[in-house]
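S.K.: Mind looking over this structure? Questions follow.
What follows is calculated from the coordinates using simple rules that are stated; it is not laboratory data. Keep in mind the model is a prediction, meaning the values are calculated, not measured. Virtual Cβ from ideal backbone geometry, glycine too; neighbours counted across all protein chains shown.
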Amino acid sequence: MGTYKILLKSIVFSTRSRRRFFTFVIVFSILSGATIILLSYFDNFSREGLLEHRGVIYEASTLGSVTYDDAQGDIDPGTLGAEAVIYYKYVNFGTNLRICSIDTKYKWGFSEIKPNDLVAGNFPSGDRDALVSDQLLLLLLDAQAPVNIYTKPVVGTKFRLGRSDDTEFELRISGIFKKPESPSLIADDTREWIFIPEASFEDLLSSQNLNYDDSSDLIFIHSVSIIASGDVFSGVSYNNVDAIAANLGNLPGYDSPDFKSKTDKDEQRNMMFLSLIFGIFGTFMVSTLYSYLITRFRRREVAVLKAMGYSKMNVRIVVLSEILVVAITGFVIGLLVIQGFLWNPLGRQSSYIYLIIMSPTAFLSFLAVVISCIPGFILITTRILAVRPIEIFRQK
Amino acid sequence: MSNNVLIEAKNLSKEYIRGKKEVVMAVNDVDLQIPKGKLVMVTGPSGSGKSTLLNILSGLDKPSEGKVLYEDENIAEWDEEKLATFRRGNVGFIFQNWELIRIMTALENIESPLYPLKIKSKEIRMRAISLLKQVGLWDKADNYPDELSGGEQQRIGIARALVGKPRIIFADEPTGNLDQDNAASIMRLLKSFTKRDTSVLVVTHNEDLKRYADTTHRMSSGRFV
Ligand SMILES: Nc1ncnc2c1ncn2[C@@H]1O[C@H](COP(=O)(O)OP(=O)(O)O)[C@@H](O)[C@H]1O
Ligand SMILES: [Mg+2]
């Protein structure tokens, strides 16, 4: 109870050394901002942006231009030295619908629907999960492909697909995506698309008692993502991407793949390292400097508190709360400012990350800030606890 | 030890090494008793060892030799944490420079010794307000130390020393930076608290303050004379 009281009071008192408090809150908010930007790069790379840096996408030039069989002939994974080759297969399902397979491991590997295009729910992970468009209500009962959804889709709703009553296949809406903007194969198509994991795709096809290899019911591909091995930061993946592209070149039936130029890639990497220095390293430097200032400015106060009988732990809480309060306040302000920039006034999501406050990036940045403060904490604790009241009082 | 003695120092010595090999006996074989509810004063010129004696008696410093007995226990042997606990419950301090904490208001300064204790915030506030009234500064509750005069700051210092209901108050030159009128009122205030069984040890170079003391010792070069 005593400890709790000291903590609360110390937090209030920390804000009273106004000039020091505000100066460092502002400094910390700038540094936290840099940290958040840095980590959003990581987040970016680990999700959609990653595809540009780690893979080559061959997208069919029009729907129906490449069959799955042809695609397998075009691309030989064995000779490419790729980490993975993902085919995004689709079939026509009645006259209103196409069913497309996606990969649950490389969620960011699909060129059109990204994890951040989700407006509700999650990317499919379970076998019977389905990703549907927010405009699915256009899709009504179809004589050939009954789908029993009659209202706007809701996450968790189960529905059945089937070409006849006895082949019905149950799926669950795990997530709802925002339709991509034109031009895009999906956006420009008159049919609706439902995305399901690769495994369910196979199951669905076999449940329909149809031969999808015959000419009227072919399996086509929307695109192929070839994921290069190696990591982004060392630049190894870049070189592998280039090697794959050189090896394959342009393939008939596909659009020519889009490559980031070497300078673009280098620029992005430089930005990353810059924010690394400003963000994490800067936070570390400033928090250490700030801790040092606290130990200087609050020495006399600490001497008085110790004379009054504050224990080591009590004193520790008094001084540590100042740097914690300042670092956290700065972090929250930095986060809000960045959120403000990302929030497009038209209510549309700009960039990949539209709600950074709820993102893992925010959490990771917070962790980074706290960890950067640890050397400062240690400095404070050792210096403050070494204060001997009689020595301080002798100094006028 | 007689029943009404609160703290007793026996053969207390403290030596400092100054420069290379010069040994300074800041306190040299001193015996002292502080009875319950009395104001004991130690006077003497600057450098005579008064502060050193006070610091040892209050457990802020350790003697080179001798004992400090508090209820038959020698606090000179205790470690820092144990001494902190001891001071928290039994000791109040008043300093020459007041040493109020600048980021706390007058009222919060008075409350501050109680924050580590298991006492409800409401109770703490009530005690601090009552003391603020007793030192006549009720209207300055929300002022910061920088906004108070020296005399006012020292009264807050006294209220802070008393808030934990200590059994003894240690005051090192409590009037050192005050004019005569303010000094007299501070001493009267201190004296008034001895009536409630609080002991007070005042060390000062100002011989004029003797009239407020129940017992006075004169110190010179580390010894009582
Ligand atoms: N930490 C120290 N190191 C060396 N000498 C000290 C130290 N503290 C006090 N002294 C010396 O001890 C003597 C007594 O000092 P002090 O107790 O402060 O006297 P007073 O309070 O009576 O002025 C002085 O000669 C002083 O210089
Ligand atoms: Mg002195």
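S.K.: Can you give me the long-range amide H partners of B:Ile169? Hydrogens built in the peptide plane at 1.01 Å from N, cutoff under 5 Å, separation of 5 or more residues or another chain.
M.R.: Counting only residues 5 or more places away or on other chains, the set is B:Gly92, B:Ser199, B:Val200, B:Leu201.
S.K.: Mind listing the phi-derived Karplus ³J(HN,Hα) values for segment A:88-98, rounded to whole Hz, using 6.51, -1.76 and 1.60 with θ = phi - 60°, and x for any glycine or proline?
M.R.: 9, 8, 9, 10, 6, 10, x, 9, 10, 9, 10
S.K.: Gain in length, A:Ser229 to A:Ile371, computed as 0.36 nm per residue apart minus the alpha-carbon separation, to one decimal in nm?
M.R.: Working it through step by step, the gained length comes to 48.0 nm.
S.K.: For a test of the definition: using alpha carbon positions, the gyration tensor, and the 1.5 limit on a/c, classify segment B:116-206 as rounded, prolate or oblate.
M.R.: Oblate, since a/c reaches 1.5 and b/c is not below a/b.
S.K.: Which value, in debye to the nearest 20, gives the size of the charge dipole of chain B about its Cα centre, when Lys and Arg are +1 and Asp and Glu are -1 at the Cβ?
M.R.: Around 480 debye, computed over chain B.
S.K.: Ok, one more. With label points built 7 Å along Cα→Cβ from the Cα atoms of B:Arg196 and A:Val119, find their separation and express it in nm.
M.R.: 7.0 nm
S.K.: List every residue whose amide H lies under 5 Å from the amide H of B:Arg223, counting only residues 5 or more places away in sequence or on a different chain, with H placed 1.01 Å from N in the peptide plane.
M.R.: Correct list: B:Asn28.
S.K.: Something else: What's the FRET efficiency of B:Ser130 with B:Glu207 using the Cβ-Cβ distance as r and R₀ = 30 Å, to the nearest 0.05?
M.R.: For R0 = 30 Å, the calculated efficiency reads 0.30.
S.K.: In sequence order, what are the phi-derived ³J(HN,Hα) couplings for segment B:53-60 according to the Karplus relation 6.51 cos²θ - 1.76 cosθ + 1.60 with θ = phi - 60°, rounded to whole Hz, with x for glycine and proline?
M.R.: Result, ordered by residue: 4, 4, 5, 6, 5, 8, x, 7 Hz.
S.K.: May I ask you to evaluate 6.51 cos²θ - 1.76 cosθ + 1.60, the Karplus curve with θ = phi - 60°, for each residue of segment B:198-203 and list the ³J(HN,Hα) values in order in whole Hz, giving x for glycine and proline?
M.R.: 7, 8, 9, 10, 10, 10
S.K.: What FRET efficiency do you get for B:Lys62 and A:Val12 if R0 is 41 Å and r is their Cβ-Cβ distance, rounded to the nearest 0.05?
M.R.: Efficiency computed from Cβ-Cβ geometry: 0.70.
S.K.: Quick one: Kirkwood hydrodynamic radius for segment A:51-231, alpha-carbon pairs, angstrom, one decimal?
M.R.: 16.7 Å
S.K.: Find, to one decimal place in angstroms, the Kirkwood hydrodynamic radius of chain B, where the mean of 1/r is taken over every pair of different Cα atoms and then inverted.
M.R.: 18.0 Å
S.K.: Quick check for you: which residues of segment B:64-82 have the amide N under 20 Å from the point 7 Å beyond the Cα of B:Lys118 toward its beta carbon?
M.R.: B:81-82
S.K.: What 222 nm value per residue comes from the helices of chain B, counting each DSSP H run with n ≥ 4 as -39,500 (n - 2.57) and dividing by all residues, nearest 500 deg cm²/dmol?
M.R.: -9000 deg cm²/dmol
S.K.: Another one. I'd like the FRET efficiency for A:Met285 and A:Asp134, computed as 1/(1 + (r/R0)^6) with the beta carbon distance as r and R0 of 35 Å, rounded to 0.05.
M.R.: The value I calculate is 0.15.
S.K.: In addition: If I model a spin label as a point 7 Å beyond the Cα along the Cα-Cβ vector, how far apart are those points for B:Asn143 and B:Arg223 in nm?
M.R.: 4.7 nm
S.K.: Counting only other chains, what is the mean number of Cβ atoms within 10 angstrom of the Cβ of each residue in peptide A:2-9?
M.R.: 4
S.K.: Could you list which residues have their amide H under 5 Å from that of B:Thr216, counting only those 5 or more apart in sequence or on another chain, with H placed in the peptide plane?
M.R.: Sorted by chain and number, the residues that satisfy this are B:Met41.
S.K.: Here's a follow-up. Taking the 0 to 90 degree range and rounding to the nearest ten, how far is the long axis of helix A:262-276 tilted relative to the main principal axis of chain A, both from C-alpha atoms?
M.R.: Value to nearest ten degrees: 30.
S.K.: Please provide three numbers in whole Å: the alpha-carbon extents of the protein assembly as shown along the principal axes, with the largest listed first.
M.R.: Taking the Cα atoms of the protein assembly as shown, the three principal extents are 119, 55, 43 Å.
S.K.: Something else now. Which aspartates and glutamates have a Cα lying under 18 Å from the Cα of A:Lys265, excluding residues fewer than 8 positions away in the same chain?
M.R.: Answer for A:Lys265, where 18 Å is the Cα cut-off: A:Asp43, A:Glu48, A:Glu52, A:Asp231, A:Asp242, listed by chain and number.
S.K.: Please list the three semi-axes, largest first and in whole Å, of the ellipsoid equivalent to segment B:50-97, using sqrt of 5 times the eigenvalues of its alpha carbon gyration tensor.
M.R.: For segment B:50-97, the semi-axes come out at 17, 14, 9 Å.
S.K.: Using a simple spin-label model with points 7 Å from Cα along the Cα→Cβ vector, what separation in nm is obtained for A:Ala246 and B:Ser46?
M.R.: 8.4 nm
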